[in-house]
Amino acid sequence: MAGRPEQRSEHRADYGWSHIDAVLDNLDIFREGFVQTLRLSLFAAVSALILGTGLAAMRVSPVPPLRWAGTAYVETVRNTPLTIVFFFVVFVLPQVDIVFSYFTFAVVALTIYHTALVCEAVRSGVNGVDAGQAEAARALGLTFSQTLRLVVLPQAFRNVIQPLGSVGSALIRNTSIAAAFGVQELTGISQRLTTANPGDVIAVLLAGIVCYLVLTLSLAWAVGLTERRLTRTPR
């Protein structure tokens, strides 16, 4: 468990390199925030990808009630601020005896919100697949679920690598909202350190920005690499 932020008692008129000590002296705390943000992002991203794919299947289903339910979920969640989703999860769920840690609540809130975004990205990929592929699959006797799973979705995912990457990047940035609900991720850690070191605000905030850039740029690199490999793979 990380210790308390170290306070700097020195107050300098000029802003020099020595202010980086506020970061270097608290690297263990920054590491804690970085790991927490990474965990939030990974758990929510995997959950949103699985649920969003299922929701996209509902939206293209030949069963009207499934399409209506999928559409209602997407339109409701996409037009609700993420902060409201957090408030609902953190304060409403306990009223019906659903109680988790703040970290789990944050994962649930992020998953609920980004499932709708993943759904729309995957659905656009499904709609981009040539209709003749599905017709050929049905002619071979495949059911709707088999056609979707074996024929349509593999091609759809090829088409939406970049949109899914954009959703993932947004998810990483949106983890910052969890700081307002008791989760000590990067933004929460940065707030703690700026409070403890008011003279070193710029250095602390720049360090937080760098940590977010490491996560988002790493994701962008992985998305680009995956897209290039899929492009070279015969369809």
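The values are calculated or read from the model by the stated rules, or taken from the named source; none is laboratory data. Bear in mind the structure is a predicted one, so any value in this text is a computation, not a measurement. Heads up, the Cβs are rebuilt from the backbone with ideal geometry, glycines too, and the neighbour counts pull from every protein chain shown. All accessible areas refer to the heavy atoms of the entire protein, side chains included, with ligands and DNA or RNA removed. Shrake-Rupley method; radii C 1.70, N 1.55, O 1.52, S 1.80 Å.
From the residues in the stretch 188-206 that are part of a helix (DSSP H, G or I) and open to solvent by less than 20 Å² (accessible area, probe 1.4 Å), which one is nearest to PHE103 (Cα to Cα)? Among those that are part of a helix (DSSP H, G or I) and open to solvent by less than 20 Å² (accessible area, probe 1.4 Å), it is GLY188.
Summed over the stretch 143-158, residues that are buried (at least 18 other Cβ atoms within 10 Å of the Cβ), closer than 29 Å to SER218 by Cα and touching a helix residue (DSSP H, G or I) at 6+ places or on another chain (Cβ under 6 Å) total 2. Just one of the listed residues (PHE100, PHE105) is assigned to a loop (DSSP other than H, G, I, E, B) and at negative phi, and it is PHE100. Residues in the stretch 126-142 that are outside any helix (DSSP H, G or I) and open to solvent by 70 Å² or more (accessible area, probe 1.4 Å): ASP130, LEU140. Does ILE209 count as at pLDDT 90 or above, in a helix (DSSP H, G or I) and under 19 Å from VAL107 (Cβ atoms)? Answer is no for this residue. Could you look through the stretch 202-216, keep only residues that are under 15 Å from the mean Cα position of the chain (by Cα) and not β-branched (Val, Ile, Thr), and pick out the one that is nearest to GLN191 (Cα to Cα)? Among them, the one singled out is TYR212.
Just checking, how many residues over the stretch 215-235 are touching a residue at least 60 places away in the same chain (Cβ under 8 Å) and either more than 30 Å from PRO154 (Cβ to Cβ) or assigned to a helix (DSSP H, G or I) (or both)? Looking only at that region, the number is 5.
Screening ALA179 against (1) open to solvent by 20 Å² or more (accessible area, probe 1.4 Å); (2) in a helix (DSSP H, G or I) leaves a single unmet condition, (1). Can you say whether VAL122 is within 11 Å of the chain's Cα centre (by Cα), under 18 Å from TYR73 (Cβ atoms) and buried (at least 24 other Cβ atoms within 10 Å of the Cβ), as far as the supplied structure shows? No. Of all residues in the stretch 141-153, those that are within 14 Å of PRO62 (Cα to Cα) have Cβ atoms under 7 Å from Cβ atoms of residues that are open to solvent by less than 70 Å² (accessible area, probe 1.4 Å) and not basic (Lys, Arg), 6 or more apart or on another chain, in THR147/ALA134; THR147/ALA137; LEU148/ALA57.
Would you call GLN184 in a helix (DSSP H, G or I), open to solvent by 10 Å² or more (accessible area, probe 1.4 Å) and either touching a residue at least 12 places away in the same chain (Cβ under 8 Å) or in contact with a Cys (Cβ under 8 Å, 6 or more places away or on another chain) (or both)? Against the criterion (in a helix (DSSP H, G or I), open to solvent by 10 Å² or more (accessible area, probe 1.4 Å) and either touching a residue at least 12 places away in the same chain (Cβ under 8 Å) or in contact with a Cys (Cβ under 8 Å, 6 or more places away or on another chain) (or both)), GLN184 does not qualify.
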